[in-house]
Amino acid sequence: MAQPGPLSGITIVDLSRILAGPYCTLLLAELGARVIKVEPPEGDDARHYGPFKGGASTYFASVNRGKESIALDLKSEDGRAIFERLLDKADALVENFRPGTMERLGYGWDSLHARYPGLIYAATSGFGHSGPYSHYPSYDMVVQGLGGIMSITGHPGSPPTRIGTSVGDLAGGLYTAIALNAALVHRERTGEATKVDVALFDCQLALLENAIMRYTVTGQIPGPLGARHPSITPFEAFATADGHLIIAAGNDGLFVKLAEALGRPDLAADPRYRTNQLRNDHQEPLRAEIEGVLRDAGTAHWVAVLEQAGVPCGAINNVAEALAHPQTAARNMLVAVEDPAAGRLELAGNPMKLSGFADPPTRPPAPGLDADRDHILRELGL
């Protein structure tokens, strides 16, 4: 049963697997859409990814909760007949196959649009449905490398460093969900269904943010900077007596507050540090001055001092500490799922809070493979 949300009444047929597509449809389910996950007879590959609990993949459970599952062989006559009946009822189809796969099955955009003119078609793939790399296979780590984001991650001189989450797949899922929602609005206004074509590679380029401008404006190729911002100073991680502290003094006023809170008002008066650009030009000596003060006390002390002064700052939490942060519970960002096989699971909550809809502390579990076949077939009159 889909939970209430702004997409209540919208039905998504989800052919996607592993992460990029399932993350998109997880977001749609959180917004109220009914998501019918169509899996091959052997199931989504992610069902075989750990960690496991009670024999069930909690990786799979984390991105497929609240969906329904039916297993269909789209190369068989019966499987195709059921799939096509599902498309009769669907508002959108989501898939993340390599381009050409759906066409070989007879379910590419052109053929589906002719038969189901109201069906939105959302495709997420490594390189999109056009361009010389369109048919190349890809995974998250490949596009993190090719898209440039790994080249600006880590510390100078360090080996190549993957971003700690699957930002290639997750960005693809996010952008697909945004575009699919826009396509639903467009169809509502005009009656016209559209194809959504999102490439993981494109998403990595889009996430390069100011690194693109730094290159196109200056001609200098950005590299890794560790834990500091390339254009704002002081805006980085500083060592304290017992760990590290993030300080984000994003304008001149905040820098004055920081200098005063540290007992070093002379830093704000120093001609080398009077503007952000000057501070950026003299980042290393300013860092040494700030750390010279911070090393006299621990992180918790300085967080209290700087928060009192109104300077944005924070400790660097590990995952356990982040989940234990009081804001996590206050924002319902750890929700409970009672999984038939794994038992109670605690999973990431929904960051999209909407005033007209509840954000319950529990969610329905991910479906077992083919678990919803009977009631789906009954709905289809089969």
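The values are calculated or read from the model by the stated rules, or taken from the named source; none is laboratory data. What you are looking at is a predicted structure, and each value in this text was computed from that prediction instead of being measured. Reconstructed Cβ throughout: ideal geometry from the backbone, glycine too, with neighbour counts over all protein chains shown. To get the accessible areas, we keep the full protein, side chains included, count just its heavy atoms, and leave off ligands, DNA and RNA. Shrake-Rupley method; radii C 1.70, N 1.55, O 1.52, S 1.80 Å.
Set the Förster radius R0 to 22 Å, insert the Cβ-Cβ distance between residue 205 and residue 319 as r into 1/(1 + (r/R0)^6), and round the FRET efficiency to 0.05. Using R0 = 22 Å, I get an efficiency of 0.20. Among 336, 282, 310, pick out the residue whose Cα is farthest towards the positive end of the charge dipole of the range 282-357, where Lys and Arg carry +1 and Asp and Glu carry -1 on C-beta, about the Cα centre. My answer, from the dipole projection, is 336. With a Cα cut-off of under 23 Å and a minimum spacing of 8 residues unless on different chains, the lysine pairs in the chain number 11.
Of the beta bridges DSSP finds with both residues in the range 21-141, what % are antiparallel, to the nearest 5? Let's see the in-between values first.
Working: 2 of 10 bridges.
If I count the DSSP bridges inside the range 21-141, around 20 percent turn out antiparallel.
Protection proxy ranking, highest mean first, for peptides 89-96, 167-174: 167-174, 89-96, where packing is the per-residue count of other beta-carbon atoms within 10 Å, averaged. Solvent-accessible surface of the chain, taken per residue with a 1.4 Å probe and all protein chains present: 49 Å².
If you plug the beta carbon distance of residue 42 and residue 352 into 1/(1 + (r/R0)^6) with R0 = 35 Å, you get a FRET efficiency near 0.60. For the range 37-150, the pair-distance distribution built from all alpha carbon pairs, in bins 10 Å wide starting at 0, is 11, 36, 35, 16, 1 percent.
Stretched out straight at 0.36 nm per residue, the stretch from residue 192 to residue 284 would grow longer than its current Cα-Cα span by 27.5 nm. A protection proxy built from the mean count of other Cβ atoms within 10 Å ranks the segments 103-113, 184-194, most packed first, as 103-113, 184-194.
Testing the spin-label approximation: label points 7 Å from Cα along Cα→Cβ at residue 275 and residue 334. State their distance in nm. Label at residue 275, label at residue 334, 4.6 nm between them. Heavy-atom accessible surface of residue 165, to the nearest 10 Å², is about 80 Å², with a 1.4 Å probe and all protein chains retained. All other residues whose Cβ lies under 10 angstrom from that of residue 236 are scored, Lys and Arg at +1 and Asp and Glu at -1, for a net of +2.
3J(HN,Hα) along the range 151-159: 6, 10, 10, x, 10, x, x, 7, x Hz, from the Karplus curve 6.51 cos²θ - 1.76 cosθ + 1.60 with θ = phi - 60°, whole Hz, x for Gly and Pro.
Amide H contacts under 5 Å for residue 162: none, restricted to partners 5 or more places along the chain or on a different chain, H placed in the peptide plane at 1.01 Å from N. When the residues 355, 57, 76 are ordered by accessible surface, computed with a 1.4 Å probe over the protein chains alone, the sequence from largest down reads 355, 76, 57. Rounded to 0.05, the FRET efficiency of the residue 227 and residue 301 pair, given R0 = 22 Å and the Cβ-Cβ distance, is 0.65.
What is the chain's relative contact order, in percent, from Cα pairs under 8 angstrom and six or more apart in sequence? Before the final figure, lay out each step's value.
Details: 683 pairs, mean separation 66.0, N = 382.
Normalised by residue count, the contact order of the chain is 17 percent.
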